[in-house]
Amino acid sequence: MARELAVNSTEGNADGAGGPIVFPTLGPGLYSALRAAAPKRIVLQVPAGLVRNAHELAERLRTEVHAQVVLATRPCFGACDMPSREEAPGAELAVVLGHAPIPNVPIPRPTFFVEMRETGGDPEALATTVERAELPKRLGLVASVQHLDLVDPLRVALERRGFGVRIGSGDRRLAYPAQALGCNYTGAEAVADGVDGFLFLGTGQFHPIGLAFAVARPVWALDPLRNALEPPVDRADLVRRRLLLVASVHDARRWGILVSTFAGQYRLATARALEERARTRGRETELLYFDRLDPRDLEGRAFDAYVNTACPRIALDDGPNYPRPVLTPPEFLMALGELPLEPYRFDTYH
């Protein structure tokens, strides 16, 4: 069943197009809604994990909807990274697979989000795995959007085994309780004081690492389909590496302030505030605009370091790929001496 989600304007620069329509998975409901919308051309965006199947998915839409379907081919980093009008000229409607809409991000055209909910995973078996691993009895649950349907059944199964489980609701950037975004873990932050650790439901290390930066609690990752529990993320080492980077640019004089033009990552007000703080401290700054940042874009520039106001994961995950240190806004304020080094602050994107 589809649902509508209200979208509010923030610092973004895209023209809103009304609330997106959300579907749990591909199927007759989506196809019927697309036929009713009667677009002549659809742009289909898929995440990296579905790239191999993109042509097959596009052909299925053509067959079911009887409309032109074009593929957005550049890598997709999340729900903040929708195809622009310039990338798919003439497309009246977008179908975005694998992501939930971000409620406070305006959308450039009518968009159908297909969250690709995963119904697999045995909550009793998963709870047994957690119990045998002797995780803390007070746990917070966090999940990728694909596994959100498993959160409540797993909570019940864990509570039968004596666990106290907390599920938090985040700020206006999160559509669901327990949901994780790479830039926002406010649902977890809301319950952090009442738990001794967090359990993330999903695959890979992207979200567990982000969650570990955001909350000063141990984080375990549980793959629901394989029933595989990973060792806890080494938060101390992650933070130590970031603080060493901050210390290395304490005396940097010339800073580039990176500003994304993506609607979901556009923080010009933040960039201007950082620029003012830097100049107050005697630093030189320049605002650098981009849509998609590549390390080669910063080669040969006369800056000592950069502060990134776009997705915080650019600095945290991809920083070693850049020719000069790239800090998040809180780290930048640490380098200026305006914030203490402890506690470490994740650049939560609101």
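Does the stretch 257-271 include one or more residues that are under 20 Å from GLY182 (Cα atoms), of a type in the set (Phe, Trp, Tyr) and at pLDDT below 95?
Taking every residue of the stretch 257-271 in turn, at least one turns out to be under 20 Å from GLY182 (Cα atoms), of a type in the set (Phe, Trp, Tyr) and at pLDDT below 95.
Quickly run through the stretch 248-277 and pick out the residues that are aliphatic (A, V, I, L, M) and over 15 Å from VAL326 (Cβ atoms). Steps first, answer last, please.
Filtering the stretch 248-277 for residues aliphatic (A, V, I, L, M) gives 249, 252, 257-259, 263, 268-269, 271, 273-274.
Correct list: ALA263, LEU268, ALA269, ALA273.
Under 14 Å from VAL219 (Cα atoms) and out of contact with any strand residue (DSSP E or B) (no Cβ under 7 Å at 6 or more places or on another chain) - does that describe any residue in the stretch 150-163? Spell out how you get there, then give the answer.
Restricting attention to the stretch 150-163, the residues satisfying the condition of being under 14 Å from VAL219 (Cα atoms) are none.
No: the stretch 150-163 contains no residue that is under 14 Å from VAL219 (Cα atoms) and out of contact with any strand residue (DSSP E or B) (no Cβ under 7 Å at 6 or more places or on another chain).
Quick one: which of ARG272, ARG313 is surrounded by fewer than 21 Cβ atoms within 10 Å (Cβ to Cβ) and not assigned by TED's automatic domain parsing to the domain that holds PRO108? Working first, answer last.
Numbers: ARG313 fails: surrounded by fewer than 21 Cβ atoms within 10 Å (Cβ to Cβ).
After applying the criteria, what remains is ARG272.
For every residue, the table says whether it meets (1) farther than 15 Å from PRO47 by Cα; (2) in the same structural domain as LEU211 (by TED's automatic domain parsing).
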{"residue": "ASP81", "(1), (2)": "no, no"}
{"residue": "ALA88", "(1), (2)": "yes, no"}
{"residue": "PRO103", "(1), (2)": "yes, no"}
{"residue": "ILE107", "(1), (2)": "yes, no"}
{"residue": "ALA127", "(1), (2)": "yes, yes"}
{"residue": "ASP149", "(1), (2)": "yes, yes"}
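Got a number for residues in the stretch 316-331 being in contact (Cβ under 8 Å) with a residue 24 or more places away in the chain, assigned to a helix (DSSP H, G or I) and within 19 Å of ALA273 (Cβ to Cβ)? Show your work before the answer.
Just the residues of the stretch 316-331 that are in contact (Cβ under 8 Å) with a residue 24 or more places away in the chain, to begin with: 316-317, 319, 321-327, 329, 331.
Then keep just the ones that are assigned to a helix (DSSP H, G or I); that gives 316-317, 319, 321, 329, 331.
Okay, now just the ones that are also within 19 Å of ALA273 (Cβ to Cβ), so 329, 331.
The number of residues fulfilling the criteria is 2.
Please find, among ALA125, ALA216, ALA188, ALA192, the residue that is surrounded by fewer than 16 Cβ atoms within 10 Å (Cβ to Cβ), under 24 Å from ASP237 (Cβ atoms) and touching a residue at least 40 places away in the same chain (Cβ under 8 Å).
Values: ALA125 fails: under 24 Å from ASP237 (Cβ atoms); ALA188 fails: surrounded by fewer than 16 Cβ atoms within 10 Å (Cβ to Cβ); ALA192 fails: surrounded by fewer than 16 Cβ atoms within 10 Å (Cβ to Cβ).
Step by step, each of ALA125, ALA216, ALA188, ALA192 is checked, and only ALA216 is surrounded by fewer than 16 Cβ atoms within 10 Å (Cβ to Cβ), under 24 Å from ASP237 (Cβ atoms) and touching a residue at least 40 places away in the same chain (Cβ under 8 Å).
Give the residues of the stretch 151-170 that are more than 18 Å from VAL191 (Cβ to Cβ) and either in contact with a Leu (Cβ under 8 Å, 6 or more places away or on another chain) or in a strand (DSSP E or B) (or both), sorted by residue number. Steps first, please.
Initial filter on the stretch 151-170 (more than 18 Å from VAL191 (Cβ to Cβ)): 153, 157, 160-162.
Within the stretch 151-170, ALA157 is the sole residue that qualifies.
Scan (1) surrounded by fewer than 16 Cβ atoms within 10 Å (Cβ to Cβ); (2) closer than 15 Å to VAL219 by Cα; (3) touching a residue at least 40 places away in the same chain (Cβ under 8 Å) for the single condition PRO136 breaks and write down its number.
(1)
Test LEU126 against the criterion of being in a helix (DSSP H, G or I) and either among the basic types (Lys, Arg) or in contact with a strand residue (DSSP E or B) (Cβ under 8 Å, 6 or more places away or on another chain) (or both), and give yes or no.
So LEU126 passes the test.
Is it true that some residue in the stretch 219-237 is out of contact with any Ser or Thr (no Cβ under 9 Å at 6 or more places or on another chain), within 25 Å of ARG172 (Cα to Cα) and in a loop (DSSP other than H, G, I, E, B)? Step through it out loud before you land on a result.
Of the residues in the stretch 219-237, the ones out of contact with any Ser or Thr (no Cβ under 9 Å at 6 or more places or on another chain) are 219-220, 230-237.
Applying the additional criterion that residues be within 25 Å of ARG172 (Cα to Cα) yields 219.
Okay, now just the ones that are also in a loop (DSSP other than H, G, I, E, B), so none.
There is no residue in the stretch 219-237 that is out of contact with any Ser or Thr (no Cβ under 9 Å at 6 or more places or on another chain), within 25 Å of ARG172 (Cα to Cα) and in a loop (DSSP other than H, G, I, E, B).
The values are calculated or read from the model by the stated rules, or taken from the named source; none is laboratory data. Keep in mind that this is a model prediction, so the values were computed, not measured. Glycine gets a Cβ as well: all are built from the backbone with ideal geometry, and neighbour counts include every protein chain shown.
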